[in-house]
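Asker: Structure provided below as structure tokens; questions to follow.
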């Protein structure tokens, strides 16, 4: 439970920064070196490395060391826990909409003219 | 674009803490006062207020001031943007699985015995 919670902390924390989200977007295209990941941003290599470490701690990046080159690959699996967490509240949101719909239907059914649902419209003004 | 990005920053940052996630869970049951929200946690009222402010900045809580009582309600709508962001990577993840499946099917089709798919199994050892 604690492990799952701290993994969620790490995943949401990793996603709470536009540079890190952009890095994940880049890695969604293909694996990249640390230098390639840093290139589009106006930050130092050390700054980029810190962002990459945050993504690594969340399990969203796998780093492969090939001599002096560090190749990073996306690992989207930890996102599932985050998606599941959010989905719970989407259900909650949908339930509110369902309750509203049920209320409107109940009000409709309680109107004096019984079952007017499928009755064809009669013109208000006759010629 | 900047606004959407900073909203995502705020939402993911709000979700990156177990106390704030637990508060949202409580608010999913019913609206709560600040005191009620703070009660389950071993934190000061001031500490709880800071967490509530983070949730408010992300638009996840609406606060209604009724005299001296501040009543908090969940607003799950900002979570949609977060869910959409994550879904993009789930699709990416699924595409990887689809690509793997396609590769396996292609390998299968390229085997010497043409179209063995629906051929019934023949026993290896005959009596």
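Asker: Which of rounded, prolate, oblate describes the range B:2-74, given a ≥ b ≥ c as roots of the alpha-carbon gyration tensor eigenvalues and a/c under 1.5 marking rounded, otherwise prolate only if a/b is larger than b/c?
Answerer: Values: a/c = 1.91, a/b = 1.47, b/c = 1.30.
The shape class here is prolate.
Asker: For residue B:22, which inter-copy label distances result when the label point lies 7 Å beyond Cα on the Cα-to-Cβ vector, reported in nm to one decimal and in ascending order?
Answerer: Copy-to-copy label distances for residue B:22: 3.7 nm.
Asker: Tell me, what is the FRET efficiency for residue B:75 and residue B:109 to the nearest 0.05, using R0 = 41 angstrom and their Cβ-Cβ distance as r? The partial results should precede the final answer.
Answerer: Working: r = 52 Å, r/R0 = 1.27.
Step by step, r from the Cβ atoms, then E = 0.20.
Asker: Using a label point 7 Å beyond Cα on the Cα-Cβ vector, give me the inter-copy distances for residue B:70 in nanometres, one decimal, shortest first.
Answerer: List, nearest first: 4.1 nm.
Asker: Let me ask another. In whole Å, what is the distance between the alpha-carbon centres of the range A:24-101 and the range B:58-93?
Answerer: 20
Asker: Could you grab the relative contact order for the range A:28-110? Cα pairs under 8 Å, six or more apart, rounded to a whole percent. Mind showing how you got there, number by number?
Answerer: On the way: 55 pairs, mean separation 19.7, N = 83.
That works out to 24 percent.
Asker: At residue A:102 and residue B:36, where each label point lies 7 Å from the Cα along Cα→Cβ, what is the point-to-point distance in nanometres?
Answerer: Simple spin-label model gives 2.1 nm for this pair.
Asker: Could you work out the relative contact order of the range B:2-74, using alpha carbon pairs under 8 angstrom and six or more residues apart, expressed as a whole percent? All intermediate terms of the calculation are to be shown ahead of the outcome.
Answerer: On the way: 71 pairs, mean separation 25.5, N = 73.
In percent, rounded to a whole number, it is 35.
Just so you know, all these numbers are worked out from the coordinates, no wet-lab data involved. From a predicted model like this one, the values you see are computed outputs, not experimental measurements. FYI the Cβ positions are ideal-geometry reconstructions off the backbone, even for glycines, and counts take in every protein chain you see.
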